[in-house]
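Take a look at the structure below.
The values are calculated or read from the model by the stated rules, or taken from the named source; none is laboratory data. This is a predicted model, so every value here is computed, not measured. As a convention, Cβ positions derive from the backbone with ideal geometry for all residues, glycine included, and neighbour counts pool all protein chains shown. Calculation scope for accessible area: heavy atoms of the full protein, side chains included, ligands and nucleic acids excluded. Shrake-Rupley method; radii C 1.70, N 1.55, O 1.52, S 1.80 Å.
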Amino acid sequence: MSWLSPSDWQAVLLSLKVAGWATALSLPPGVFIAYALARWQFPGRAVVNGLVHLPLILPPVVTGYLLLIGFAPNGVIGAALAKLGITLAFTWRGAALAAAVMAFPLMVRAIRLAIEAVDPKLEQAASTLGASRLWVFGTITLPLIVPGILAGAITAFAKAMGEFGATITFVSNIPGQTQTLPLAIYSQLQVPGGEASAARLAAVSVTLALGALLVSEWLARRIAARIAGGRG
Amino acid sequence: MLEIALHHRHTGFTLDIDLKAPAGVTALFGPSGAGKTTVVNAVAGLLRPERGRIAVNGEVLLDTEAGIFLPPHKRRVGYVFQDARLFPHLSVKSNLLYGRRFSKSGSDQDVTRIVEMLGLGALLDRRPASLSGGEKSRVALGRAILSNPRMLLMDEPLAALDAARKSEILPYFERLRDEVKLPILYVSHAPAEVARLATTVALIEGGQLRGIGPAREILSDPSLAPALGMREAGAVISGRVVAQEADGLARIETAGGAVLLPYPSGQPGQPLRLRIHAGDVTLAVDRPEGLSALNILPVVIEQIRPAEGPSVYLRLALGDDHLLARLTTRSVAALGLTEGMACHAIIKAMSVASEDVG
């Protein structure tokens, strides 16, 4: 892809890094919260459900603003993290956090649907055979929801790649630091003569999104066939 | 020894049961909605009753008063569900071995023996989706046994199968009962299954225990017969094949003499249980002549109890076994039948279906 300028290339790589970390780090809590919402009745369930979905319905700039309040070096959580030497505001890590928060509802939704599709009777059967709750989850529930987890992860990755509003509000638009693909496209459109570069980056964006979608569809179909499959 | 005492209310339904059953197969028997599955789920720990105590061979699984509730995975009860519930993502072999990693004892010999006993050898590499209903039932049974349980629970394991599959599976269950020697709690509303498998029958109706005892006594009790429904009431007697006749009938020795029944697969010497529907028994005061029915047995009327509509149930002593007959009140009056009277029970050979013999 020599037709990308070094700074374009930098934005693409940064986006992949940010979206990759955002997806990987939000997977474990995503699976846990999806499981809790799908299977457990607990006080505050509606509140948890609401909080998870909040980024989906809030203006992204508001989400970014709330992250800034919480995670800025003088913010409540930011101050604590600063003591550990971790800075989020205006760094790529902050961009990953913003992307993760914005993508989280989509991930939880996909995984929750997959968990709800697993017949609890199978989990009961496993428990009567001697499997503790954790074993049941690891050997029955988890293998059966792999297609859902994959779908959730890919959707979250695509969403993280495209995140704009919360990112620019929380970590600003610093080339090489926090300037992800969408931010780079936006910046190119602000300068005279940047249209060609913007178009190239947009093409990369479309290609990555479509590619991710196709790969996930293919994988999910393969895994679903293996789970329900006839012989072997 | 199985002790179950339960009190549980659930959306307008109250289950209130207290029963003790000896070793062997205990059938929870009764109409649909009687609360049988609730009892089994409480024993498995899948349901937490309001009050109760459950113990198997002295080991307490549940005691609400003492605050004991063993979670399902610590109860070691093998549960065979009506819908098999095989794990779809695992092979038959992995399904069978699923419970073994959680139980300390059990050898590879057991696996070989159970796989052979249930005829599963050719299925081991298959996935549950490719199995027939009868094969799924057998795998579910094997999976429960191989988890090394202290007892087995079976909730209508045959209900989802057609008659042909049922008669294919029943012999496996009988072998299991005779070879594996685990206490078994068996839920059914099919008298034919209960008659063939059960050592003890607990009759449950409307959440209450109506009667419990040996199968032959409960099924021939005229005061319990109405709970079974008039199509299903009928006693069980034991017999032994004496000979196969040339015309395809089997000569079977019972406590009240020999009977002839269509049972072509019987081997001489083979012990049997025969279920005789109450509606298929005719009574005659004197031994009738010129009758097409082949089986005329001397009996003594033990009890006469009113049944639904213009009919009564009669319990008939046949040697040390019992028959149950259902007659109209009018016939009883016309013949002057009374308790203690000796008479003749007539059973058409062709009225006994093959699923009632075995």
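Here is how the numbers come out for the structure above:
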| item | result |
| --- | --- |
| Residue within region A:140-153 that is open to solvent by less than 20 Å² (accessible area, probe 1.4 Å), of a type in the set (A, V, I, L, M, F, W, C) and facing chain B (nearest Cβ under 8 Å) present | yes |
| Checklist (1) in a helix (DSSP H, G or I); (2) open to solvent by 40 Å² or more (accessible area, probe 1.4 Å); (3) not polar (S, T, N, Q) applied to A:A184, failing item | (2) |
| Failed condition for A:G85, given (1) within 20 Å of A:F32 (Cα to Cα); (2) open to solvent by 20 Å² or more (accessible area, probe 1.4 Å); (3) more than 10 Å from chain B (Cβ to nearest Cβ) | (1) |
| Qualifying position, being away from chain B (no Cβ under 14 Å), part of a helix (DSSP H, G or I), open to solvent by 20 Å² or more (accessible area, probe 1.4 Å) and more than 30 Å from B:P88 (Cβ to Cβ), among A:A166, A:A196 | A:A196 |
| Close pairs (9 angstrom Cβ cut-off, 6 or more residues apart or separate chains): loosely packed, with under 11 Cβ neighbours inside 10 Å in region A:36-51, among the small types (G, A, S) and not in a loop (DSSP other than H, G, I, E, B) anywhere | A:F42/A:A36 |
| Subset of region B:232-255 (residues that are open to solvent by less than 20 Å² (accessible area, probe 1.4 Å) and either among the aliphatic types (A, V, I, L, M) or within 15 Å of B:I296 (Cβ to Cβ) (or both)) | B:A233, B:A235, B:V236, B:I237, B:V241, B:A250, B:I252, B:T254 |
| Qualifying residue in region B:202-211 (condition: closer than 20 Å to B:L118 by Cβ and among the basic types (K, R)) | no |
| Entirely in region B:80-160, the helices (runs of 4 or more DSSP H) that have 1 or more residues that are open to solvent by less than 40 Å² (accessible area, probe 1.4 Å) and facing chain A (nearest Cβ under 8 Å) | B:133-146 |
| Some residue of region A:154-161 being over 14 Å from A:A19 (Cβ atoms) and modelled with pLDDT of 90 or more | no |
| Pairs where the first residue, in region A:108-127, is open to solvent by 50 Å² or more (accessible area, probe 1.4 Å) and the second is basic (K, R), C-beta under 6 Å, 6+ apart | A:K121/B:R85 |
| Region A:199-232, residues that are within 14 Å of chain B (Cβ to nearest Cβ), open to solvent by 40 Å² or more (accessible area, probe 1.4 Å) and in contact (Cβ under 8 Å) with a residue 40 or more places away in the chain | A:A224 |
| Residue in region B:39-48 that is open to solvent by 10 Å² or more (accessible area, probe 1.4 Å), farther than 23 Å from B:K166 by Cα, away from chain A (no Cβ under 11 Å) and out of contact with any Cys (no Cβ under 7 Å at 6 or more places or on another chain) present | yes |
| Scope region B:193-217; condition outside any strand (DSSP E or B) and either open to solvent by 20 Å² or more (accessible area, probe 1.4 Å) or out of contact with any helix residue (DSSP H, G or I) (no Cβ under 9 Å at 6 or more places or on another chain) (or both); matching residues | B:R196, B:T199, B:G206, B:R216, B:E217 |
